[in-house]
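Trainee: Dropping the structure in here first, questions after.
The values are calculated or read from the model by the stated rules, or taken from the named source; none is laboratory data. Owing to the predicted nature of the structure, the values given are computational and were not obtained by experimental measurement. Methodologically, a virtual Cβ is constructed for each residue, glycine included, from the backbone with ideal geometry; neighbour enumeration extends over all protein chains shown.
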Amino acid sequence: MEIFQVGGSLRDELLGLPVSERDWVVVGATPDELTALGFRPVGRDFPVFLHPRTGEEHALARTERKTAPGYRGFAIHAAPDVTLEQDLRRRDLTINAIARDARDNIIDPFGGRDDLKARLLRHVSDAFVEDPVRVLRVARFAARFAELGFTVAPETTELMRRMVASGECDALVAERVWAETEKALGTAHPQVYFRVLRECGALAVIFPEIERLHGVPQPERWHPEIDTGVHTFMVLEQATHLSQDPRVRFAALVHDLGKGATPPAQWPSHPGHEERSVKLIADMAARLRFPRDYHELARLVARYHGQCHRYAELRNATVLDLLEGVDAFRRPARLEQFLLACEADARGRTGFEQRAYPQADGLRECARAAAAVRISAEDGGGMDGERIRVRLRQERVAAIAQVRRENDAAEPGA
């Protein structure tokens, strides 16, 4: 029996990145032998065991044989006669197919260390095409390691294109798509994930609503970048600068989906795109089954971002409608998420990246003032619930009006 450190933990160590947990492969052993040593079996699809002391995962060396479409269509062979190189050969990328033995020797049969130095994401073998999830993983790694200068090797991009063209990516299940996407949204450069998917054609299969934004024009006066798809990725990039919350980033990404469904005769204007965006987000949520909190925030940003941008032009009652629409009084944290996504939209335009967004501060102040209005039972003077709600609304509108007058008076030159 030999035990080797493998996979992402070794890759990250070689890159000088922090590692919290290590993965191991065991060559020359059986499940019974590991169980006798105190390892606890946890693998459902193939033999994986937890170390009795460290709790780290130890997998028996294995090979895989494609038997059906999709990421579950594999026959797994794990036995003492499977070699380390055979186990490494089944892995996705060369930088993930490096091992280290107990004597600190590096085993690198596929040139992973060279690709680490060259900052390349390159597939190990043509067996890469057998698992469509690898398309998503490559895109996610490209996003995660973009900060270090990593790019996808041209031959790997071409292989991914062939996978998309063959229909292999049609077999991706919603849970795996969302799992990889959510991880990508948590990286420093999530827009790279979607760009890589677009380069190989997978965006049109997995996120057709986002793909359809590319090539759709917007008014140059407000959008010097013109192309809605370009704008969308710029907005996601700005959201990443403003917030680490993946829900904010996702809402920023999908806020303009309705522009992809604007009749070309109406270009470059997009009347009614907000409600179309809400519908397309609902369709995407049903298909990919992403969490409810992602869906709710994305829906609110899609519906109300235009009003947020026009804050200075809104009537006081409409400002209150906007705050109530985003549930600002019951969920103030939701208002903050909404405002960050709207600010990302405003800044995600060529030449506007550093532009201030006073609308956010204005709405925050209006929300605080309106939330401070309270009507007790005594104040209500015996009024019924409906009359109390009417009075509460009137007083909140008045509070918003007062805040806006004070802000206008405080502006230079007022």
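Trainee: Looking only at region 173-187, count every residue that is closer than 22 Å to Arg122 by Cβ and not in a helix (DSSP H, G or I) and tell me the total.
Mentor: Total meeting the criteria: 1.
Trainee: State all residues of region 285-311 that are outside any helix (DSSP H, G or I) and farther than 21 Å from Ala346 by Cα; if no residue qualifies, say none.
Mentor: Arg289, Phe290, Pro291
Trainee: Okay, moving on. If you scan region 188-213, which residues turn out to be among the hydroxyl-bearing types (Ser, Thr, Tyr) and at positive phi?
Mentor: none
Trainee: A further question on this structure: Determine which member of the set Asp131, Asp114, Asp92, Asp45 is touching a strand residue (DSSP E or B) at 6+ places or on another chain (Cβ under 8 Å), at pLDDT 95 or above and charged (D, E, K, R).
Mentor: Step by step, each of Asp131, Asp114, Asp92, Asp45 is checked, and only Asp92 is touching a strand residue (DSSP E or B) at 6+ places or on another chain (Cβ under 8 Å), at pLDDT 95 or above and charged (D, E, K, R).
Trainee: Please verify whether region 329-351 includes one or more residues that are in contact with a helix residue (DSSP H, G or I) (Cβ under 6 Å, 6 or more places away or on another chain), in contact (Cβ under 8 Å) with a residue 40 or more places away in the chain, surrounded by 22 or more Cβ atoms within 10 Å (Cβ to Cβ) and not in a helix (DSSP H, G or I).
Mentor: Yes, because at least one residue in region 329-351 is in contact with a helix residue (DSSP H, G or I) (Cβ under 6 Å, 6 or more places away or on another chain), in contact (Cβ under 8 Å) with a residue 40 or more places away in the chain, surrounded by 22 or more Cβ atoms within 10 Å (Cβ to Cβ) and not in a helix (DSSP H, G or I).
Trainee: Do you know which residues across region 311-328 are under 25 Å from Pro224 (Cα atoms) and in contact (Cβ under 8 Å) with a residue 24 or more places away in the chain?
Mentor: The answer is Tyr311, Ala312.
Trainee: OK, next. When you look at Ala143, is it farther than 25 Å from Ala59 by Cβ and under 17 Å from the mean Cα position of the chain (by Cα), yes or no?
Mentor: Criteria met by Ala143.
Trainee: Condition test on Arg289, is it farther than 18 Å from Val403 by Cα, surrounded by fewer than 15 Cβ atoms within 10 Å (Cβ to Cβ) and in contact (Cβ under 8 Å) with a residue 12 or more places away in the chain?
Mentor: Considered against the rule, which asks whether it is farther than 18 Å from Val403 by Cα, surrounded by fewer than 15 Cβ atoms within 10 Å (Cβ to Cβ) and in contact (Cβ under 8 Å) with a residue 12 or more places away in the chain, Arg289 comes out as yes.
Trainee: Taking only region 136-170 into account, find how many residues are within 18 Å of Gly186 (Cα to Cα), touching a helix residue (DSSP H, G or I) at 6+ places or on another chain (Cβ under 9 Å) and assigned to a helix (DSSP H, G or I).
Mentor: 10
Trainee: For region 184-216, enumerate the residues that are more than 16 Å from Ala261 (Cβ to Cβ) and among the aromatic types (Phe, Trp, Tyr).
Mentor: Residues satisfying the conditions are Tyr193, Phe194.
Trainee: Additional query: Please go through region 312-328 and give me each residue that is buried (at least 19 other Cβ atoms within 10 Å of the Cβ), in contact with a Leu (Cβ under 8 Å, 6 or more places away or on another chain) and assigned to a helix (DSSP H, G or I), ordered by number.
Mentor: Hits for region 312-328 are Val319, Leu322, Leu323.
Trainee: Here's something else I'd like to know. May I ask you to verify whether Ala282 is within 25 Å of Pro208 (Cα to Cα) and assigned to a helix (DSSP H, G or I)?
Mentor: yes
Trainee: Now a separate question. Any residue that is in contact with a His (Cβ under 8 Å, 6 or more places away or on another chain), surrounded by 18 or more Cβ atoms within 10 Å (Cβ to Cβ), among the hydroxyl-bearing types (Ser, Thr, Tyr) and part of a helix (DSSP H, G or I) - is there at least one of those in region 228-244?
Mentor: yes
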